[in-house]
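Everything below concerns the one structure shown next.
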Amino acid sequence: MDSGEEKATTFLSRAASSLPPPHAIRDLLSHGVCVRCIFRLFGVSEYDDSCPLLKASTLLSLLEEQRNIPNAISENGSIANDLTQCPYDPHASGNEQPYCSVCLGILQFTNGHDQDLRTCESNSVSVLTSAITEILKKEAHQIDGFSIEISLPPVVSANDRAIWLYMKGRYASEEWFIGKLLSQQISVKDALRSLVTTSLESCLGVKSSSSSFRIRLTYIHEEASSKLQCSMQKFHGFKRRKTETNCKERMVDDLCGKNETISGEFHRCDSDAVVHCTLNAMQDDAFSELFMLPPEKTNNGCKLTISCYRLPVYIGGRYLKFSRRVSQSRWMIEDERMGEASVEEIIGNNTILVCGGDSYKFHAAGREDIDVRMLGSGRPFLVEVSNARVMPSMVNIQEIADKINNSNDKYVTVRNLKLVGSEAWNLLREGEAEKQKQYAAVVWISRPLTEVDFNKISSIKNLDILQKTPVRVLHRRSPMDRKKIIHWMMVDKIVGTSQHFLLHLCTQAGTYIKEFVHGDLGRTHPSLGSILGCRAEILQLDVTDVKMDCFD
C-alpha cells in the first residue's frame with residue numbers, strides 16, 4: 001500500500017463510525033451517488049484530497065472489514081448472500097457513474113470549464129486548482145489573500161433532499177438511521193469550499209480570508225435545471241409566487257410558463273433565488289410527489305465557469321486644477337473634445353496605469369466649470385478602480401501622485417492621496433451636501449465702485465438668496481427654485497481701475513456663483529448687481545477652498 005492509499009485508509013478508519021452500514025452504501029452507490037457525497041451526507045467533514053483514492057470497492061471492503069462482515073465479496077467478485085439487499089457490485093464493469101446523481105459531478109471535479117474548453121480527467125481538486133492558478137497567471141493578478149464565491153444550480157439542493165427522503169423512506173426503521181437529520185448534512189457548497197480552499201492555500205501560498213480578491217466558481221446544468229423548473233410548475237406555490245428577498249416583496253412569473261430563455265447570470269441568480277425559496281417552503285409530501293426518489297442518474301455534469309476579480313479599490317485625495325481649458329470630466333460634443341484635457345482622465349489614467357485595473361470611475365465632491373480653476377486646498381475626489389490586478393501599496397500610491405504632479409502640462413496636481421475603504425464614498429456624498437465653498441472672482445460693474453459699495457458688500461453676513469435653475473443649464477437640469485446662503489463677502493480693490501475688483505465670498509454648497517453676480521435675468525435674487533444697483537459681470541472665477549473633513 002502506497003502513502004496515498006495509506007492516508008485514505010487512515011481517514012476512513014476515523015470516519016467509519018459516522019457512515020451507514022455497507023448495504024446502505026451499496027444502495028447509494030447503485031443509484032449513482034459518489035464517494036464524496038456519501039461522506040458529506042452523513043456529516044463527515046474532515047475528508048480531503050485523498051478521497052479520489054477511495055474507490056467504491058475500497059470503501060466497501062474497508063467498511064466490511066471494520067464491521068467484521070466475513071466474505072462480503074467472493075474471489076470472483078460476486079456479492080455474498082448477506083449483502084444482496086442492494087445489487088451493486090463494485091467490481092462489475094459499467095457500475096462507475098461518470099457523474100454523481102446528487103452533486104452532478106461537482107465534487108468529482110469532472111466539470112468542463114470554459115477557460116480552456118476541456119473536460120477534466122482526474123477526480124481530484126488539484127485539477128480545479130491548476131485551472132484557477134492558470135487564470136491568475138494569465139490575468140496577472142497579484143494577491144495576498146482570496147475569498148471563494150460559489151454559485152450552484154438549485155437542482156443540487158433538490159437532489160440532496162431527494163436522496164435523503166429516499167433513505168428516510170427505506171431505512172427509517174433501522175437503528176443506524178434513527179436520529180439522523182437532514183440538517184446534519186454538509187452541503188455541496190460547503191464541502192466544495194473546504195476542498196478548494198485548502199488546495200488553493202497550499203498552491204498559492206496565501207490564506208483564505210475576507211479578502212477583496214474573489215475567485216468565483218459558477219456551476220450550471222441547463223438540462224437538470226430545466227427539468228427541476230418544469231417539475232415545480234406543478235406546485236401551485238411556484239406560479240406567480242410572492243417572494244420576499246432581502247425584506248423586499250416582488251412578484252415572479254412562473255419560469256416554465258413562458259417560451260423564453262432567461263439569459264445572463266443576473267437573471268439566473270434571480271430565478272435561482274425563487275426556486276430555493278419555493279423548495280424551502282415545500283413540505284416533504286409535496287416534494288416527494290414532484291420529484292424522483294432517489295434522483296435519477298445523469299450522463300452529463302455541471303458546466304463550470306471560473307472568474308477571478310478584485311472588488312473595487314478606492315483611492316482618494318484632493319485635486320487642484322490650474323488651467324481654464326481643462327474640464328472636470330471628459331467633455332465631448334459631436335465627437336469633438338471640448339477643452340484640452342480633463343481632471344478625470346489625468347487622474348484616472350495614471351491610477352489605472354499603476355493598479356492595472358479593467359476600468360475606473362471618477363467621483364468628486366461637486367464640480368467646477370471648465371473655465372474655473374480649483375485652487376487652495378483642492379477638491380476632494382475618489383477614483384474607483386475596477387478589478388485592479390495590483391492591490392496598491394503606499395509606494396504605488398506615491399507613484400500615482402508623482403506621475404500626475406510631475407506631468408509636463410501641469411494642468412492638475414493631487415495632494416493627500418491615499419488608499420481608502422468604500423465608506424469614503426458615503427463621506428464624500430454627505431460632505432458634498434453640507435460643505436461650504438470659498439471663491440475669488442474678478443468682477444466688473446457698470447459704474448465706479450464707491451466706499452459705500454465697499455462697506456455694503458463687506459457687511460453682508462448669511463444672506464439668503466433664491467436661485468431658479470440657471471438659463472445656461474436648463475437643457476440638462478430640472479427647473480426648480482433653490483434657497484442658498486451667502487455666508488460672507490469681502491472686496492479687494494484692483495489698482496488702476498475703479499470698475500473692476502476682486503470679490504471673495506463663502507457660500508453654501510450648490511450656489512451658482514456666476515448667476516449670483518449678474519442675476520441671470522432676474523432668476524437669482526438678490527444678486528450682487530441688484531445689491532449695488534447696477535450691472536455686474538463676472539470675468540474670472542476660482543474656487544479657493546472646499547470645506548470638508550475629507551482627505552485633509
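The values are calculated or read from the model by the stated rules, or taken from the named source; none is laboratory data. Just so we're clear, the structure is a prediction, and the values are computed from it rather than from any experiment. Glycine gets a Cβ as well: all are built from the backbone with ideal geometry, and neighbour counts include every protein chain shown. What goes into the accessible areas is simple: the full protein's heavy atoms, side chains included, and nothing from ligands, DNA or RNA. Shrake-Rupley method; radii C 1.70, N 1.55, O 1.52, S 1.80 Å.
With an 8 Å cut-off on Cα pairs and a minimum separation of 6 or more residues, tell me the relative contact order of segment 453-522 in percent. All intermediate terms of the calculation are to be shown ahead of the outcome.
On the way: 96 pairs, mean separation 20.6, N = 70.
Worked out over segment 453-522, it gives 29 percent.
Near Lys437, which lysines are there with a Cα under 25 Å away, not counting those fewer than 8 places off in the same chain?
Reachable lysines: Lys321, Lys361, Lys410, Lys418, Lys456, Lys461, Lys468, Lys483, Lys484, Lys493, Lys514, Lys547.
Leaving ligands, DNA and RNA out of it, rank Val188, Val127, Val471 by accessible area with a 1.4 Å probe, largest first. Can you show the working numbers first?
Working: Val188 5, Val127 30, Val471 75 Å².
The ordering from most to least exposed comes out as Val471, Val127, Val188.
Just from the alpha-carbon atoms, what are the Rg and Dmax of segment 446-501 in angstroms?
Expressed in Å, the Cα Rg and Dmax of segment 446-501 come to 15.5, 43.
Setting aside same-chain residues fewer than 8 positions from Lys180, which lysines have a Cα under 19 Å from its Cα?
Lys168
Determine how large the accessible area of Leu311 is when every protein chain is in place; take a 1.4 Å probe and give Å² rounded to the nearest 10.
The accessible area of Leu311 comes to roughly 60 Å².
Based on the Cα atoms of segment 277-367, what semi-axes does the equivalent ellipsoid have, where each is the square root of 5 times one gyration tensor eigenvalue, given in whole Å with the largest first? Can you show the working numbers first?
On the way: eigenvalues 609, 55, 43 Å².
Value: 55, 17, 15 Å, ordered largest first.
Of Val156, Val495, which has the most accessible area and how do the rest follow, probe 1.4 Å?
Details: Val156 5, Val495 145 Å².
Most to least solvent-accessible, the answer reads Val495, Val156.
Whole-Hz Karplus ³J(HN,Hα) for segment 143-149, in order, using 6.51 cos²θ - 1.76 cosθ + 1.60 and θ = phi - 60°, x for Gly and Pro?
The phi angles translate into 10, 10, x, 7, 10, 9, 10 Hz.
When the Cα atoms of segment 397-475 are enclosed in a convex hull and the volume is divided per residue, what value in Å³ results? Please report the intermediate quantities before stating the final value.
Numbers: hull volume 19.4 nm³, N = 79.
Cα convex hull per residue, to the nearest whole number: 245 Å³.
Rounded to a whole number, what % of the accessible area of segment 311-418 do carbon and sulfur atoms account for, probe 1.4 Å? If you can, show how the numbers build up before the last one.
Numbers: 2270 of 4850 Å².
On segment 311-418, the fraction of accessible area on carbon and sulfur atoms equals 47 percent.
What ranking do 328-334, 314-320, 275-281 get when scored by the average of other Cβ atoms within 10 Å per residue, highest first?
Values: 328-334: 12.3, 314-320: 22.6, 275-281: 16.3.
Order by mean packing, descending: 314-320, 275-281, 328-334.
Each residue of segment 411-426 in order: what ³J(HN,Hα) in whole Hz does its phi give by Karplus 6.51 cos²θ - 1.76 cosθ + 1.60, θ = phi - 60°, with x for Gly and Pro?
For segment 411-426, the Karplus-derived couplings read 6, 9, 10, 10, 9, 6, 5, 7, 7, 10, x, 5, 5, 5, 4, 5 Hz, x marking Gly and Pro.
Over 21 Å, how big is the tail of the calculated P(r) for segment 320-420, in percent of all Cα pairs? Working shown, then result.
Values: 1568 of 5050 pairs.
Everything past 21 Å amounts to 31 percent.
How much of the pair distance distribution for segment 431-552 lies past 25 Å, counting alpha-carbon pairs only, in percent?
Here the long-distance tail beyond 25 Å is 22 percent of all Cα pairs in segment 431-552.
Quick one: pull the percentage of alpha-carbon pairs in segment 155-222 with a separation above 17 Å. Mind dumping the intermediate values first?
Numbers: 1343 of 2278 pairs.
It works out to 59 percent of all Cα pairs.
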